[in-house]
Amino acid sequence: MKDEPDLLVGLDLGTTKIAVVVAELDSRSGEAQIIGVGEAPSMGIRKGMIVNLDQATRAIQAAVEDAESMVGLGIEDVTVAFSGAESASVRTRGMISLGRSARQVMIEDVDRIIEAAQSEIAVPVNRCILHTIPVEYTLDGHPGIDDPLDMTGVRLEVELQSIIVPSAVIQNVVNCVSKAGLDVSGLVMKPLASSLGCLSSEEAMAGVAVVDLGGGTTGVSVFSEGRPRRLSVIPVGGDHITNDLACVLRIPISRADALKKSVSLSPDSFGQNEKIEVESLGKILSFSTREVVEVIACRLDELFSSLVENELKESGVSMLPGGIVLTGGVSRLAGLDAYVSRLLDMPVRVAGPIDAGRMPPGMNSEEYASGAGIIRYVLEKERNPYRYIESDLSLDGPVSGGRAKRTGRGAASAANGKKRAGNGALKAVMENIRKSVKDLF
Ligand SMILES: Nc1ncnc2c1ncn2[C@@H]1O[C@H](COP(=O)(O)OP(=O)(O)OP(=O)(O)O)[C@@H](O)[C@H]1O
Ligand SMILES: [Mg+2]
């Protein structure tokens, strides 16, 4: 009998759609091949946050069933990308001595230095550390060390970036996915998943910002020297543009959404008096192209010139030779790349998933970059457990004080959405979160 394939499954909890990306892992090469994508319209999620548990649960079940029927296999556990709105990025530094004379850096030293840098963080009550990302190691004063393990020196330093999220947000995500009959084997903030899904490693090295324009949120991630320097979620997305059009032009939401997708933001459109006809409640209304694009541009100007620009400044990265990479559903708006490029005076390109060639046609465009990125995130953690550290909250009890811990190479694999892989440790983590925040509800 043929062995069951080893699956990695990513669940992208979007405001517009729930996407489930299924990949088959080749345990010999460590590579994963996407074999199917399932999807269902999102329900019970607004601005990236779960607002109705039952509705969101049903939407997740529908998306998972869609994926299961595509791949012909059952799905039991998933790594979940969620919005992480209200998250905060905190930078800290840690330093340890390796002894009087130079010696090789061991796994225990890396654990020790990460703990040292984390001890500098005052985690507010009812919040927890979701991701811990070593941004840069410095060995004996030499910065830019990618992976210090086995290197020789006397003094090791690290700069850490920690992503702190409200515990209740995680709790709701876990509850919802569990109610849908799935085990949560990992959690990832959406901007991290979407950037891993659409960026080449050369771009990430050069310095680049990824802006994932979704339905209810805009994820921003700034990369430099291959590492994310800032990850954030702005609670504004394509739905706001649709609502603006519906309010200003007084047309139904469904018409406004279709209108938004039909226009181009090319410079010509702003001078065009060509009429667009829209049927609304039995009447035909007529608007000029200029009127429509000006409403869209107004929201985009606020989003990019104020909110996104602010995130770029906060990242502390002064040079972005790779410019801005746009992804997510709204990035499909015709002429958006050139429009944003003029607005921010930076190079801008639109990118879909790097793995688009392996994804089903119609389910491989920009909207699916974050779903595909979950698989890349899981694989990166598998290859190097010190690159993206998910907090092992069970080790420290209360979720509000969660600290990341690694116990050695390969430790991450226990938390990597593998079908039928034991995930008792993660269950314990989630049980702990449940216990520690139950008085919030
Ligand atoms: N061709 C298009 N032109 C303009 N907007 C589009 C186009 N196609 C899709 N959109 C918009 O993209 C948005 C959905 O994008 P996406 O699927 O990436 O969101 P999501 O991942 O479900 O939401 P979020 O990440 O914000 O939680 C909707 O607002 C939709 O109207
Ligand atoms: Mg999205």
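The values are calculated or read from the model by the stated rules, or taken from the named source; none is laboratory data. The structure presented is a predicted model; accordingly, all values stated were derived computationally and were not measured. Note that we place each Cβ from the backbone using ideal geometry, even for glycine, and neighbour counts take in every protein chain shown. Protein only, heavy atoms only, side chains kept; ligands, DNA and RNA dropped before computing areas. Shrake-Rupley method; radii C 1.70, N 1.55, O 1.52, S 1.80 Å.
Residues in segment 148-167 that are surrounded by fewer than 20 Cβ atoms within 10 Å (Cβ to Cβ) and either in contact with a helix residue (DSSP H, G or I) (Cβ under 9 Å, 6 or more places away or on another chain) or among the basic types (Lys, Arg) (or both): 149, 155, 159. With respect to (1) within 16 Å of ligand 1 (Cβ to nearest atom); (2) closer than 23 Å to residue 359 by Cβ, the lone exception for residue 200 is condition (1). Which condition from (1) at pLDDT below 95; (2) open to solvent by 10 Å² or more (accessible area, probe 1.4 Å) is the one that residue 180 breaks? Tallying (1) at pLDDT below 95; (2) open to solvent by 10 Å² or more (accessible area, probe 1.4 Å), residue 180 fails exactly one: (1). Given the condition within 11 Å of ligand 1 (Cβ to nearest atom) and among the β-branched types (Val, Ile, Thr), answer yes or no: does some residue in segment 207-215 qualify? Among the residues of segment 207-215, not one is within 11 Å of ligand 1 (Cβ to nearest atom) and among the β-branched types (Val, Ile, Thr), which makes the answer no. Within segment 326-343, the residues that satisfy the criterion of being out of contact with any helix residue (DSSP H, G or I) (no Cβ under 6 Å at 6 or more places or on another chain) and more than 14 Å from ligand 1 (Cβ to nearest atom) are 338, 341, 342. I'd like the full set of residues that are away from ligand 1 (no atom under 16 Å from the Cβ) and open to solvent by 10 Å² or more (accessible area, probe 1.4 Å), limited to segment 228-244. Answer for segment 228-244, where residues must be away from ligand 1 (no atom under 16 Å from the Cβ) and open to solvent by 10 Å² or more (accessible area, probe 1.4 Å): 229, 230. Of the numbered criteria (1) surrounded by fewer than 24 Cβ atoms within 10 Å (Cβ to Cβ); (2) within 12 Å of residue 13 (Cβ to Cβ); (3) in the same structural domain as residue 51 (by TED's automatic domain parsing), the one residue 188 fails is (1).
Is it the case, given these coordinates, that residue 121 is at pLDDT 95 or above, β-branched (Val, Ile, Thr) and either closer than 20 Å to residue 232 by Cβ or more than 23 Å from the chain's Cα centre (by Cα) (or both)? Write out each step before concluding.
On the way: at pLDDT 95 or above: no; β-branched (Val, Ile, Thr): yes; either closer than 20 Å to residue 232 by Cβ or more than 23 Å from the chain's Cα centre (by Cα) (or both): yes.
Spelling it out, it is not the case that residue 121 is at pLDDT 95 or above, β-branched (Val, Ile, Thr) and either closer than 20 Å to residue 232 by Cβ or more than 23 Å from the chain's Cα centre (by Cα) (or both).
Of note, residue 201 does not satisfy the criterion of being at pLDDT below 95, surrounded by 17 or more Cβ atoms within 10 Å (Cβ to Cβ) and not aliphatic (A, V, I, L, M). The selection criterion, being within 14 Å of ligand 2 (Cβ to nearest atom) and touching a residue at least 40 places away in the same chain (Cβ under 8 Å), holds for residue 49.
For segment 379-396, state whether one or more residues are among the aliphatic types (A, V, I, L, M) and within 16 Å of ligand 2 (Cβ to nearest atom). The answer is no; no qualifying residue exists.
Kindly state which strands (runs of 3 or more DSSP E) lie completely within segment 262-369 and contain at least 1 residues that are open to solvent by 40 Å² or more (accessible area, probe 1.4 Å) and modelled with pLDDT under 95. Show your work before the answer.
Values: elements: 275-280, 283-288, 324-327, 348-350.
In segment 262-369, the matching strands (runs of 3 or more DSSP E) lie at 275-280, 283-288.
Would you tally the residues in segment 15-34 being within 16 Å of ligand 2 (Cβ to nearest atom), open to solvent by less than 10 Å² (accessible area, probe 1.4 Å) and in contact (Cβ under 8 Å) with a residue 60 or more places away in the chain?
Taking segment 15-34 as the starting set, the residues that turn out to be within 16 Å of ligand 2 (Cβ to nearest atom) are 15-21.
Pick out the ones that are also open to solvent by less than 10 Å² (accessible area, probe 1.4 Å) and you get 18-21.
Cutting the leftovers down to in contact (Cβ under 8 Å) with a residue 60 or more places away in the chain gives us 19-21.
So the count comes out to 3.
Elements of the type helices (runs of 4 or more DSSP H) sitting completely within segment 179-259 and holding at least 3 residues that are in contact with a Phe, Trp or Tyr (Cβ under 8 Å, 6 or more places away or on another chain), under 20 Å from residue 381 (Cβ atoms) and away from ligand 2 (no atom under 13 Å from the Cβ): there are none. Filter segment 60-85 down to residues that are surrounded by fewer than 23 Cβ atoms within 10 Å (Cβ to Cβ) and among the small types (Gly, Ala, Ser) and give me whichever is nearest to ligand 2 (Cβ to nearest atom). The extreme case among them is 85.
Looking for something modelled with pLDDT of 95 or more and touching a helix residue (DSSP H, G or I) at 6+ places or on another chain (Cβ under 8 Å) - is there at least one such residue anywhere in segment 66-77? Yes: segment 66-77 contains one or more residues that are modelled with pLDDT of 95 or more and touching a helix residue (DSSP H, G or I) at 6+ places or on another chain (Cβ under 8 Å). Could you tell me whether segment 136-154 includes any residue that is more than 22 Å from the chain's Cα centre (by Cα) and among the aromatic types (Phe, Trp, Tyr)? Yes: segment 136-154 contains one or more residues that are more than 22 Å from the chain's Cα centre (by Cα) and among the aromatic types (Phe, Trp, Tyr).
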